[in-house]
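The structure appears below as structure tokens.
The values are calculated or read from the model by the stated rules, or taken from the named source; none is laboratory data. Because the structure is predicted, anything quoted here is derived from the model rather than measured. Cβ atoms come from the backbone with ideal geometry, glycine included; neighbour counts cover every protein chain shown. Note: accessible area is taken over every heavy atom of the protein model, side chains too, but ligands, DNA and RNA are not part of it. Shrake-Rupley method; radii C 1.70, N 1.55, O 1.52, S 1.80 Å.
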Number of protein chains: 2
Amino acid sequence: MTQNKIVIGLDFGSTSVRVLTMHLRTGKVLNTVEQTYEEGENGVFLSKDNSLLARQKPADYVISMKKALKNTMLQNKALGIEMSSVSGIGVDATGSTPLPVTKEMIPLSDLNEFRNNVNAYAWMWKDHCSHAEAEFITKTSIENRPLYLDKIGGAYSSEWFWAKILKCRNTDKEVFDAAYTWLEFSDFIPAILTGCTDALTVKRNICAAGHKGLYNEEWGGFPDKEFIKKLHPDLLRILQTLPEQTFSVAETCGTLSKKWAEEFGMPEGIPVAMGILDAHAGAIGSGIKDGSLVKIIGTSTCDLVLANLHSGKSDIQGVASVAAESVLPGYYGVEAGQSAVGDILDWFIKVVLKNKQSHRELTQEAEKLKVGSSGLIVLDWNNGNRSILSDPMLSGLLLGQSLQTKDYEIYRALIESTAFGARTIVEDMERQGVVIHEIVNCGGITHKNAFFMQIYADVINKPMKIAASNETVALGAAIIGAHAACIAEGKPISFKTLQDRSCKILEKVYEPIAENVQTYNKLYALYKKLHDAFGIEGTKIEMFGVMKNLIQIKNKTAEK
Amino acid sequence: MTQNKIVIGLDFGSTSVRVLTMHLRTGKVLNTVEQTYEEGENGVFLSKDNSLLARQKPADYVISMKKALKNTMLQNKALGIEMSSVSGIGVDATGSTPLPVTKEMIPLSDLNEFRNNVNAYAWMWKDHCSHAEAEFITKTSIENRPLYLDKIGGAYSSEWFWAKILKCRNTDKEVFDAAYTWLEFSDFIPAILTGCTDALTVKRNICAAGHKGLYNEEWGGFPDKEFIKKLHPDLLRILQTLPEQTFSVAETCGTLSKKWAEEFGMPEGIPVAMGILDAHAGAIGSGIKDGSLVKIIGTSTCDLVLANLHSGKSDIQGVASVAAESVLPGYYGVEAGQSAVGDILDWFIKVVLKNKQSHRELTQEAEKLKVGSSGLIVLDWNNGNRSILSDPMLSGLLLGQSLQTKDYEIYRALIESTAFGARTIVEDMERQGVVIHEIVNCGGITHKNAFFMQIYADVINKPMKIAASNETVALGAAIIGAHAACIAEGKPISFKTLQDRSCKILEKVYEPIAENVQTYNKLYALYKKLHDAFGIEGTKIEMFGVMKNLIQIKNKTAEK
């Protein structure tokens, strides 16, 4: 019977939920079902008047999960897999995506009075309405709790928990007052699955709390009352609903409730693991270990590194944040990221070129170019800069265009700019003593686009490995579920063993090409000059040579 | 009989020759014929391997002129206008467009041995092959003849006479050795029409010589032997073929030869005026007078201002050049310019957008935008910067793009950047005491694009007048022909009187809109910051605020 045990990974992304069924003992993926969210535009409520707004309906999460589980049940049945064999569930979700709930765990958006008020919905990570509040929190931290900033790369982000709640307080007091507390999406789902009906008792995951909610054991958990009062006295009421302790994925949130068990034919009482942010699940599913940098490359990019809890690497500047055990127990999770990668390429193709050229067509031309031959350089800041500058109030820059500059030359320069951005993160981590033995990439683009990955290898001058799974995030959630299942069975097993079973690397590793590395080093020096000049306050650098150097590099390339 | 006298203006542009027939006494335009050059691509020989190269065949000029005159003859006949009534001819041509000839005035490209050698053709103004030679001439001037630089805006250009001849010496000695001398296109045509068969006797126009050939009476004409020897000893041979004196359009080159007179039914012996550069003819045809800035706006832009010979304005920094009587007698001609204006818009549409959007479509969307709402700023340097930086080794810059930035927002920012570039010229001239009472614009875009002209009015904060003629250049040539005709008749008449008869201004004047001016002043401050940082050696300015300021301006616009 044990031989047939399976586990379920539930992966709540930005536009859909995936259910991954994994064989417990072998770690083999048996089935994956995806269900897109149905409300709003691709699951997201946007605003015509406010391009910063991005909300989702918690009910949509739950309905989509039910559809996906139903489908999983049917598909598994057809495959001869019984849902009664499910022995553990892992969950990941986007974040910081906080949502307001009543004491009884009802999302405010389920109440008639707030049904059409987007402020009562889940505030997606990519909702930047609270940029002023984020700046205010940063300012308040600088003045009162500078140590907070050491864990979050020097600035609080509009993507995060407190900024969003404060924004709600400042602009929609009715919603704020009606909320008993706010839950991270990654805590809401496990709580629902375990049948929790008291919001005060929800177990919160250390990943979202640590990276986004200013939770840190070094200062006794969530921020103190005095600090929160300085943000807004009304926030004290929310602070009182937050627990003293948070938990890593090595812990369970609780057990599957009777209602959910019956509805999908799963055993009641199986463990539901603590939730985790989706990128962090992706790192687990990519086989992250001490010394690996995992890059989850998509519309934006998330970079995760583990640092041993005894390494003293709890303060790393310029990365998005450092949190104890946010990925795996025993390690700090060091998280950095780039706010736009695939999004920049999509912007160029969809918005500027209006889809008259495709990624494929532009790639075909762009890959024929010699490194440096376009004379172009780009700052990849169309959506601000997450790491290493932590500044959303930055924008894109394209430099070096002549009257002959082609669309595909710009396209290549955009890809290169994201690789330069990635290199700033790697260099900044290494400068601070983080050891990077290998870089493992995951995400759709890493499987589909060899041209893209070769540029990354050449620019960063390190081999680029690719996670074999194209569902590393859902796989990570399933591994977390498996870990919980083994504990419940009384046969605990390490994450490393579970990862070794499931997480493979593609045979194809992109190795740096010496000649390209040489030219990219020159281009990166120019990128870094622009990066520092436009991104670091107080910097005064002579810019005069930048265009001339690009023309020289271009001319030299032409001579070859 | 005098009542029916007519004059002919011959305007040799970059891709075609125009023949304009004007009534002598009334200044009325009677007929215009255009003939495109037939060889190469749109009349221009390009090189696959060298994007800097642009050449034309002198024989193509002559053949095209003959076709155009033939056509003029036929059309005029149909209109009841007799070619026997032609009483004067004016000529303008592009430049600096030097071409090598034998002592007997045969263009080298007419010789069998050089028929297919583009180095023996006319080297078009926009041929930049000689950029290294131009830098060398600048360097040699700085070290030996700094006063030269005061007249040419601080740097010698690859567009100009000596750089091109030196480049030929350095790369094709056979052609160089075969050439007795080099003639400017604007001297070649009048010489041909007057039947000149000795290249040593060709009268050279002060406009091309002064602006492009380093001719200045202040240092005794063309550069001295010592200086030319420093450029290259072999150039001394060419220097010896250059005259001591050059002439303005108030003088004649000679009289129409029997051959040309007979071929087109014109009277033998009528005056052929001295040639002039095309932009300068355009200024005359736009009614330039003391205090007018005439902007000839096309693929690039040429700015011309007159300064009284007694004004002491012979040294003006940062403009392309200052030459005595290069436009009209009694005045310095002060010439500045922008190396790409229409060309930048064409680049975006043709090369980047591959013609999937038209100027009209983008304009329709762009004109709905509020000033500052795109958050974008552009440096208009895709083809380098002619004025006020005199630096071809610069390139374009686009800054401020987000993931929402639209194609038409970029298009508008490109137009605005050319207006900012135009403003730097106006401000730099005014700073040096050049008085600008009015700005008169001419060129196709000024008639066709109200949106473009309004941006110029708002950015420069001065009314924009438009020359009524859409053939101001050919009209200028005809006015020069008329001036010569009147002298030949013994009834001299001033250029001002001739201009008053022919040069009208459109009723529609674009007035600055106060609200737009205010925002553009803010944007211009950012443009200027980028301009100085990237364009002026040794400048160190903090760039950190630029992106933030643009976002602030954008947000403020959104609030309105």
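Details
- Helices (runs of 4 or more DSSP H) fully within the stretch B:399-502 counting 3 or more residues that are hydroxyl-bearing (Ser, Thr, Tyr): B:407-431
- Residue that is assigned to a loop (DSSP other than H, G, I, E, B), assigned by TED's automatic domain parsing to the domain that holds B:Asn449 and surrounded by 20 or more Cβ atoms within 10 Å (Cβ to Cβ), where the choices are B:Val334, B:Val294, B:Val319, B:Val305: B:Val319
- Check on B:Glu226, surrounded by fewer than 17 Cβ atoms within 10 Å (Cβ to Cβ), acidic (Asp, Glu) and over 26 Å from the mean Cα position of the chain (by Cα): yes
- Enumeration of residues in the stretch B:14-42 that are under 18 Å from the mean Cα position of the chain (by Cα) and either at pLDDT below 95 or aromatic (Phe, Trp, Tyr) (or both): B:Ser14, B:Thr15
- Residue count, the stretch B:188-223 (criterion: small (Gly, Ala, Ser) and buried (at least 19 other Cβ atoms within 10 Å of the Cβ)): 6
- The residue pairs whose first member lies in the stretch B:220-237 and is on the phi > 0 side of the Ramachandran plot, whose second member is of a type in the set (Asp, Glu) and open to solvent by 50 Å² or more (accessible area, probe 1.4 Å), and whose beta carbons are closer than 8 Å, counting only pairs six or more residues apart or on different chains, are B:Gly221/B:Glu244.
- Residues that are open to solvent by less than 30 Å² (accessible area, probe 1.4 Å) and in contact with a strand residue (DSSP E or B) (Cβ under 8 Å, 6 or more places away or on another chain) were ranked within the stretch A:337-351; the one that is farthest from A:Asn521 (Cα to Cα) is A:Trp347.
- Any chance A:Ser374 is more than 9 Å from chain B (Cβ to nearest Cβ) and small (Gly, Ala, Ser): yes
- The residue of the stretch B:536-546 that is least open to solvent (accessible area, probe 1.4 Å), among those that are of a type outside the set (A, V, I, L, M, F, W, C) and facing chain A (nearest Cβ under 7 Å), is B:Thr539.
- Verdict on A:Leu369 being surrounded by fewer than 19 Cβ atoms within 10 Å (Cβ to Cβ) and more than 11 Å from every other protein chain (Cβ to nearest Cβ): yes
- Selection count where residues are within 8 Å of chain B (Cβ to nearest Cβ) and either touching a residue at least 60 places away in the same chain (Cβ under 8 Å) or surrounded by 14 or more Cβ atoms within 10 Å (Cβ to Cβ) (or both), scope the stretch A:352-366: 4
- Matching strands (runs of 3 or more DSSP E) fully within the stretch B:1-46 where at least 3 residues are farther than 28 Å from B:Lys496 by Cβ: B:29-36
- Qualifying position, being assigned to a helix (DSSP H, G or I) and surrounded by 20 or more Cβ atoms within 10 Å (Cβ to Cβ), among B:Asn119, B:Asn71: B:Asn119
- Taking the stretch A:428-448 as the range and being at pLDDT 95 or above and open to solvent by 10 Å² or more (accessible area, probe 1.4 Å) as the test, only A:Glu438 passes.
- Here A:Ala558 fits the description: within 14 Å of chain B (Cβ to nearest Cβ) and small (Gly, Ala, Ser).
- Number of the exception - B:Ser87 against (1) in a helix (DSSP H, G or I); (2) within 30 Å of B:Ile8 (Cβ to Cβ): (1)
- Of residues in the stretch A:391-450 being among the polar types (S, T, N, Q) and more than 14 Å from every other protein chain (Cβ to nearest Cβ), the one nearest to B:Lys554 (Cα to Cα): A:Thr424
- Close pairs from the stretch B:63-87: first in the same structural domain as B:Trp260 (by TED's automatic domain parsing) and closer than 21 Å to B:Glu268 by Cβ, partner open to solvent by 10 Å² or more (accessible area, probe 1.4 Å) and of a type in the set (Lys, Arg), Cβ under 9 Å, at least 6 apart: B:Ala68/B:Arg18; B:Met83/B:Lys77; B:Ser85/B:Lys5; B:Val86/B:Lys5; B:Ser87/B:Lys5
- Some residue of the stretch B:503-517 being of a type in the set (Val, Ile, Thr), at pLDDT 95 or above, open to solvent by 60 Å² or more (accessible area, probe 1.4 Å) and over 26 Å from the mean Cα position of the chain (by Cα): yes
- Residue, surrounded by the fewest Cβ atoms within 10 Å (Cβ to Cβ), within the stretch A:143-180, restricted to residues that are aliphatic (A, V, I, L, M) and modelled with pLDDT of 95 or more: A:Ala178
- Flag if B:Asp380 is within 21 Å of the chain's Cα centre (by Cα), surrounded by 24 or more Cβ atoms within 10 Å (Cβ to Cβ) and among the acidic types (Asp, Glu): yes
- Evaluation of B:Ser395 against the conditions (1) under 18 Å from B:Val459 (Cβ atoms); (2) at pLDDT 95 or above shows that the sole unmet condition is (1).
Yes/no matrix, rows are residues, columns are (1) assigned to a helix (DSSP H, G or I); (2) within 22 Å of the chain's Cα centre (by Cα); (3) of a type in the set (S, T, N, Q):
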| residue | (1), (2), (3) |
| --- | --- |
| A:His128 | no, yes, no |
| A:Glu135 | yes, yes, no |
| A:Ile142 | yes, no, no |
| A:Tyr148 | yes, yes, no |
| A:Ala155 | no, yes, no |
| A:Asn170 | yes, no, yes |
| A:Glu174 | yes, no, no |
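- Yes/no for B:Lys508 being farther than 28 Å from B:Asp92 by Cα and more than 14 Å from every other protein chain (Cβ to nearest Cβ): yes
- All of (1) among the β-branched types (Val, Ile, Thr); (2) out of contact with any helix residue (DSSP H, G or I) (no Cβ under 6 Å at 6 or more places or on another chain); (3) part of a loop (DSSP other than H, G, I, E, B) hold for B:Ile388 with one exception: (2).
- Residues in the stretch A:47-68 that are open to solvent by less than 80 Å² (accessible area, probe 1.4 Å), out of contact with any Asp or Glu (no Cβ under 9 Å at 6 or more places or on another chain) and either more than 18 Å from A:Thr15 (Cβ to Cβ) or in a strand (DSSP E or B) (or both): A:Asn50 only.
- Matching residues, the stretch B:340-351, being facing chain A (nearest Cβ under 9 Å) and within 24 Å of B:Met453 (Cβ to Cβ): B:Ala340, B:Asp343, B:Ile344, B:Asp346, B:Trp347
- Any hit, the stretch B:491-502, residues being away from chain A (no Cβ under 14 Å), surrounded by 22 or more Cβ atoms within 10 Å (Cβ to Cβ) and under 30 Å from B:Gly396 (Cα atoms): no
- For B:Leu550, the criteria (1) without any contact (Cβ under 8 Å) to a residue 12 or more places away in the chain; (2) within 14 Å of another protein chain (Cβ to nearest Cβ); (3) among the aliphatic types (A, V, I, L, M) hold in every case but one, which is (1).
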